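Input: a single structure, listed below in structure tokens.
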Amino acid sequence: MSESKNYLAYTESIDQVKAHFETDLSQGLSSQEAAKRLESYGTNEIQEEERRSTFQKFIDQFKDFMIIVLLAAAAISAVVGISQGEGITDTIIILIVVLLNAVLGVFQEAKAEEAIDALKKMSSPLAHVLRDGDVKEIKSTQLVPGDVVLLEAGDVVPADIRLVEASSLKIEEAALTGESVPVEKNTDALENPEAGIGDRYNMGYSSTNVTYGRGKGIITGTGMETEVGHIAKMLSSTQKQLTPLQRDQEALGKTLTKAIIVVAVVTFLIGTLLNGMGIMEMLLVSISLAVAAIPEGLPAISTIILSLGTQTMADRNALVRTLPAVETLGSTQVICSDKTGTLTLNEMTVEHVFHDDQLFAANQDLDLNSHFIHSFVLPNDSKVDNDGKIIGDPTETAMVKYAIDHQMDYKGLLADYPRIDEVPFESDRKLMSTIHKLEDGRFAVYVKGASDQLIQRATQIEINGQVRPIQEADISKIQEQNESLAKQALRVLAGAYKIIDQVPATVNSETVENDLIFTGLVAMIDPERQEAKDSIRKARNAGIRTVMITGDHAITAQAIAERLEILDPKAADNSSHVMTGADLNEISDEELAKNVANYSVYARVSPEHKVRIIKAWQANDKTVSMTGDGVNDAPSLKQADIGVGMGITGTEVSKGASDMVLADDNFQTIVVAVEEGRKVFSNIQKAVQFLLSANLGEIITLFVATLFGWVILKPIHILWINLVTDVFPAIALGMEKADPDTMKYAPRTKEDSFLSFGIFPSILYQGVFEGAITLLVYWYVDIHLGLEHTLAETMAFITLGLQQLFHSYNVKSVFKSLFSSNPFDNKYLNLAFLGSGALLFGVILIPGINGFFDVHNPNLEQWIICIVASFALVILTEIVKFIFRTTGLADKYQSIPHLDD
Ligand code: ATP
């Protein structure tokens with residue numbers, strides 16, 4: 001095989017292409033040959049732009065506004081320190097703060113990248129390929145030139161492919177050509193070597209979507225040697241993607257930085273002009289105040305918490321594909337879910353059949369050689385493998401199983417009735433038809449699908465082998481049967497056929513699915529998932545509405561919705577909460593938006609209806625998640641705030657369009673992910689509350705002290721406290737377990753921010769307490785007792801630092817008492833407490849270092865004063881929390897859902 005770079009496969013015949021790539025259309029490549037080619041061509045992946053090196057990432061951290069302010073502060077303090085002959089210890093500490101922050105930034109980027117990579121790997125698409133004569137499902141990355149690939153509706157084309165078979169194959173190539181109308185494909189060689197990509201009808205291109213039909217082709221290029229590989233830049237934008245929360249935080253960080261600079265300048269002016277303190281001394285104090293109060297670690301800490309969230313979610317079967325999704329999940333207000341497979345088990349079993357004017361139980365005798373049974377097992381893609389296992393779509397396998405249970409020779413039947421053409425099933429049309437060659441040279445068309453669709457196309461009915469025109473009475477009887485079966489939550493499908501002399505020139509729904517002879521109904525049970533019922537209840541208690549969407553009949557849908565308690569099983573008027581696709585077609589978008597809250601079940605809908613339903617909820621400012629599995633679901637998955645794909649049954653196209661993929665296709669996993677999303681958000685809030693209240697405490701301490709003309713803390717003390725007590729407890733708070741009440745509160749709305757739900761007032765009162773306590777200790781020692789100034793400074797230093805460590809426990813809950821559950825249940829927080837404590841007080845206790853920090857080791861009694869004063873912050877916070885709870889203010893901040901919404 002020669003180098004394929006400039007090989008124009010579309011101008012060559014199938015045989016030439018086959019020979020060129022040394023492959024076999026019925027066997028595919030051998031595994032050994034494929035492995036060899038993989039070795040020489042590399043994996044089938046688009047190489048992303050070179051990732052920035054760790055060093056580059058490190059350097060990039062210094063471009064941040066807050067960091068630039070800190071660097072300026074370091075420079076000023078160096079100049080001042082040297083000119084005063086005081087050395088540059090402050091400068092060194094500021095630089096350590098900056099460095100630590102940069103390291104944290106690099107760590108957070110690495111963590112986020114790692115999380116995204118892991119997610120990418122898990123959601124890497126699969127392809128069907130012929131190898132060693134068998135159809136195998138393998139990761140698309142393992143494909144090589146010469147591989148023979150099978151395509152069907154819903155697949156993403158895994159590489160560049162020269163088609164060798166195309167049956168009604170249509171591919172949407174918007175990613176390459178910008179043209180969103182799917183292109184009909186064929187296998188004829190083109191004459192024009194200049195044909196543009198959009199005109200190469202015999203090729204399939206990597207990353208485009210198969211929307212219809214089936215095909216087979218030889219891979220002509222993989223990885224960077226594909227058309228998308230050539231324009232790889234288009235896809236591999238590695239732009240930093242900020243979540244709304246991170247954007248808000250960056251904005252808040254900038255505002256706070258500016259405000260803090262103002263406070264620092266005012267402090268400087270008051271100290272020097274009003275209180276006659278030394279200019280250089282005050283300059284250093286103001287600079288260290290600014291350094292300590294700027295919340296430089298905030299965005300990095302949030303990203304780390306979000307990345308940790310993706311891992312926990314993945315462990316629980318929810319593969320989140322982007323960081324913003326983790327955050328949005330927590331605010332989900334409406335979950336729209338497909339019925340089949342997500343709310344039900346998708347394990348269909350035939351329970352009843354209706355034909356020849358009679359209803360039969362599934363175990364009753366059956367005439368296998370009838371048009372009735374043929375109309376269900378012939379237009380059917382189920383396969384029976386060598387072990388007798390029936391593989392395929394559960395709706396279809398149920399029918400084949402039913403026939404085989406009645407001793408049908410299924411393989412024999414397929415051989416006797418060779419399928420020569422088909423109109424594939426589509427959820428829009430809700431029908432599937434196949435054309436079979438008969439022994440007498442004529443052809444049989446068999447159709448199965450939704451009974452309402454099929455009756456419209458039937459002109460005759462077969463009863464006891466007699467065919468006669470279908471009459472009103474027949475139709476009413478069929479509908480009656482359909483309805484009574486549907487009420488038992490059964491899925492009902494109808495069958496029909498006709499015999500034709502000639503196959504129409506173009507085979508499609510219009511030319512084939514008309515003038516049919518109705519044969520009967522098949523009713524099957526698809527049991528609801530028990531865990532889905534519990535999750536629906538849990539979601540409801542959390543103020544989240546579950547909406548069921550299905551292609552199934554309205555009555556079946558209603559019966560299942562009642563069993564799942566999406567509709568109140570005892571209510572009499574449930575049908576008024578069910579809307580059908582036909583109803584939807586009748587009303588305008590405005591009307592739908594006005595009434596959308598009234599409907600919990602949508603039946604007989606097509607994928608395009610889903611987009612309207614999402615938009616109607618969004619028009620009411622709701623955050624909506626929507627599930628989808630088919631190729632036509634991609635637009636609704638993109639429209640939803642959280643598009644949820646199905647890991648097992650979903651098409652590659654739908655997974656690619658989703659924000660989250662359920663590894664187990666289970667509704668319960670959505671609710672689990674929402675809960676996890678809420679936890680992540682609340683942990684970020686804890687980190688924010690901790691950092692900002694601690695910073696406020698520092699500002700108040702220094703500002704008020706300056707007003708009184710006190711020198712309460714040396715710059716090095718402030719900087720050290722900031723360095724060792726900020727980051728570690730904040731990250732540890734990100735690892736808090738979920739509050740057991742997480743799912744008792746209403747979802748946050750689009751107006752809520754990370755300062756909502758009582759965080760803002762908590763930051764204020766806790767910051768004030770922290771400052772007041774530190775000032776009080778200083779006043780008591782320095783002014784009241786008149787002890788040595790260095791001792792008073794040291795005790796203020798201990799009290800401020802220790803309060804922050806105690807305070808990290810206070811923020812475990814905004815309103816609940818710290819002692820309402822085990823305060824030490826977060827081992828990371830305990831470690832952060834001990835580690836930061838050791839660093840903080842090591843500088844007082846370790847001889848040599850304490851000289852450097854200019855501190856005076858207090859005696860036991862003085863230590864006890866500091867500890868008791870610091871612990872007072874916990875007690876005061878408990879008292880305020882108690883007041884919040886008993887006055888009902890806490891409930892105002894944390895809204896409990898109104899279940900009648
Ligand atoms: P969901 O609840 O996930 O939307 P659904 O299975 O109810 O899934 P579709 O798969 O779109 O929805 O099916 C819609 C209708 O089409 C079904 O109620 C059934 O009448 C009919 N149908 C489903 N599968 C087939 C099939 N393989 N062949 C023919 N008709 C089918």
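The values are calculated or read from the model by the stated rules, or taken from the named source; none is laboratory data. Everything numeric in this text was worked out from a predicted model, so none of it was measured. Virtual Cβ from ideal backbone geometry, glycine too; neighbours counted across all protein chains shown. Accessible surface is based on the protein model in full, side chains and every heavy atom, while ligands, DNA and RNA are left aside. Shrake-Rupley method; radii C 1.70, N 1.55, O 1.52, S 1.80 Å.
Here is a check on your reading of the model: is D782 acidic (D, E), open to solvent by 30 Å² or more (accessible area, probe 1.4 Å) and under 30 Å from T328 (Cα atoms)? Taking the combined requirement at face value, the residue does not satisfy it. Considering region 563-579, and only residues there that are within 16 Å of the ligand (Cβ to nearest atom) and not in a strand (DSSP E or B), the residue that is farthest from D534 (Cα to Cα) turns out to be L567. Filtered by the rule that a residue be more than 16 Å from the ligand (Cβ to nearest atom), assigned to a strand (DSSP E or B), open to solvent by 30 Å² or more (accessible area, probe 1.4 Å) and closer than 30 Å to G465 by Cβ, region 501-553 gives no residues. Among the residues of region 371-396, those that are open to solvent by 20 Å² or more (accessible area, probe 1.4 Å) and touching a residue at least 40 places away in the same chain (Cβ under 8 Å) comprise H371, P394.
Looking at Q481, Q453, Q488, which one is open to solvent by 20 Å² or more (accessible area, probe 1.4 Å), of a type in the set (S, T, N, Q), within 11 Å of the ligand (Cβ to nearest atom) and within 30 Å of V605 (Cβ to Cβ)? Spell out the reasoning first.
Numbers: Q481 fails: within 11 Å of the ligand (Cβ to nearest atom); Q488 fails: within 11 Å of the ligand (Cβ to nearest atom).
Selected residue: Q453, the only one of Q481, Q453, Q488 that is open to solvent by 20 Å² or more (accessible area, probe 1.4 Å), of a type in the set (S, T, N, Q), within 11 Å of the ligand (Cβ to nearest atom) and within 30 Å of V605 (Cβ to Cβ).
If you check G278, G297 for being surrounded by fewer than 23 Cβ atoms within 10 Å (Cβ to Cβ), closer than 26 Å to A72 by Cα and away from the ligand (no atom under 16 Å from the Cβ), only one passes: G278.
Please find, among F354, F360, F372, the residue that is within 30 Å of D474 (Cα to Cα), part of a helix (DSSP H, G or I) and outside the structural domain of P125 (by TED's automatic domain parsing). Please lay out each step first, then the result.
Details: F354 fails: part of a helix (DSSP H, G or I); F360 fails: part of a helix (DSSP H, G or I).
The match here is F372.
Of all residues in region 637-662, those being within 22 Å of D315 (Cα to Cα), away from the ligand (no atom under 12 Å from the Cβ) and among the small types (G, A, S) number 6.
Residues of region 601-615 include none that is more than 15 Å from the ligand (Cβ to nearest atom), within 25 Å of V320 (Cα to Cα), open to solvent by 10 Å² or more (accessible area, probe 1.4 Å) and touching a residue at least 40 places away in the same chain (Cβ under 8 Å).
Of the residues making up region 803-817, one or more are in contact with a Pro (Cβ under 6 Å, 6 or more places away or on another chain) and open to solvent by less than 30 Å² (accessible area, probe 1.4 Å). Of the residues making up region 302-340, those that are crowded, with 21+ Cβ neighbours inside 10 Å, hydroxyl-bearing (S, T, Y) and outside any loop (DSSP other than H, G, I, E, B) are S302, T303, S307, T310, T328, S337.
The set of residues from region 366-384 being within 16 Å of the ligand (Cβ to nearest atom) and farther than 26 Å from V467 by Cα comprises D381, S382, K383.
I'm trying to understand the selection: among the residues of region 740-799, which are among the charged types (D, E, K, R) and assigned to a helix (DSSP H, G or I)? Please lay out each step first, then the result.
If we filter region 740-799 for residues that are among the charged types (D, E, K, R), which is where we start, we get 741, 744, 748, 750-752, 770, 782, 788, 793.
K744, E770, D782, E793, listed by residue number.
From S682, S654, S693, which residue is among the hydroxyl-bearing types (S, T, Y), within 26 Å of A542 (Cβ to Cβ) and not assigned by TED's automatic domain parsing to the domain that holds D428? None of the others qualify; the one that does is S682.
A count restricted to region 160-206 and to residues that are in contact (Cβ under 8 Å) with a residue 24 or more places away in the chain, assigned to a loop (DSSP other than H, G, I, E, B) and charged (D, E, K, R) stands at 4.
Before we move on, is F833 aromatic (F, W, Y), open to solvent by 30 Å² or more (accessible area, probe 1.4 Å) and touching a Leu at 6+ places or on another chain (Cβ under 7 Å)? If you could, list the steps in order and put the result at the bottom.
Working: aromatic (F, W, Y): yes; open to solvent by 30 Å² or more (accessible area, probe 1.4 Å): yes; touching a Leu at 6+ places or on another chain (Cβ under 7 Å): yes.
In short, yes.
Just checking, does region 629-636 include any residue being away from the ligand (no atom under 15 Å from the Cβ), open to solvent by less than 10 Å² (accessible area, probe 1.4 Å) and touching a helix residue (DSSP H, G or I) at 6+ places or on another chain (Cβ under 8 Å)? No, every residue in region 629-636 fails to be away from the ligand (no atom under 15 Å from the Cβ), open to solvent by less than 10 Å² (accessible area, probe 1.4 Å) and touching a helix residue (DSSP H, G or I) at 6+ places or on another chain (Cβ under 8 Å).
Is there a residue being within 28 Å of E483 (Cβ to Cβ) and surrounded by fewer than 20 Cβ atoms within 10 Å (Cβ to Cβ) anywhere in region 644-651?
No, region 644-651 contains no residue that is within 28 Å of E483 (Cβ to Cβ) and surrounded by fewer than 20 Cβ atoms within 10 Å (Cβ to Cβ).
Residues in region 491-500 that are basic (K, R) and either within 16 Å of the ligand (Cβ to nearest atom) or under 45 Å from the mean Cα position of the chain (by Cα) (or both): R491 alone. You will find that of K655, K686, the residue that is open to solvent by 10 Å² or more (accessible area, probe 1.4 Å) and within 11 Å of the chain's Cα centre (by Cα) is K655 and no other.
Which residue is farthest from the ligand (Cβ to nearest atom), if the candidates are limited to region 385-413 and must be outside any loop (DSSP other than H, G, I, E, B) and farther than 25 Å from V492 by Cβ? My answer is G412.
Pairs meeting the criteria (first residue in region 728-746 and under 11 Å from K679 (Cβ atoms), second residue open to solvent by 40 Å² or more (accessible area, probe 1.4 Å) and in a loop (DSSP other than H, G, I, E, B), beta carbons under 7 Å, at least 6 apart or on different chains) are K737/D825. Only a single criterion out of (1) surrounded by fewer than 21 Cβ atoms within 10 Å (Cβ to Cβ); (2) within 13 Å of the ligand (Cβ to nearest atom); (3) more than 28 Å from the chain's Cα centre (by Cα) is not satisfied by T556, namely (1). Scanning region 427-448 for residues that are within 16 Å of the ligand (Cβ to nearest atom), modelled with pLDDT under 95 and of a type in the set (G, A, S) gives a single hit, S427.
For region 349-362, the set of residues classified as open to solvent by 30 Å² or more (accessible area, probe 1.4 Å) and in contact (Cβ under 8 Å) with a residue 24 or more places away in the chain consists of T349, E351, H352, D356, D357, L359, listed by residue number. Residues of region 405-444 that are under 18 Å from L368 (Cα atoms) and surrounded by 15 or more Cβ atoms within 10 Å (Cβ to Cβ): H406, M408, Y410, L413, L414, Y417, H436, A444.
Among the residues of region 145-159 satisfying the criterion of being open to solvent by 10 Å² or more (accessible area, probe 1.4 Å) and within 18 Å of T43 (Cβ to Cβ), which is nearest to the chain's Cα centre (by Cα)? Residue satisfying both the conditions and the ranking: V156.
When you check T267 against the structure, is it out of contact with any Lys or Arg (no Cβ under 6 Å at 6 or more places or on another chain), polar (S, T, N, Q), part of a helix (DSSP H, G or I) and open to solvent by 30 Å² or more (accessible area, probe 1.4 Å), yes or no? Please lay out each step first, then the result.
Numbers: out of contact with any Lys or Arg (no Cβ under 6 Å at 6 or more places or on another chain): yes; polar (S, T, N, Q): yes; part of a helix (DSSP H, G or I): yes; open to solvent by 30 Å² or more (accessible area, probe 1.4 Å): no.
No: the conditions fail for T267.
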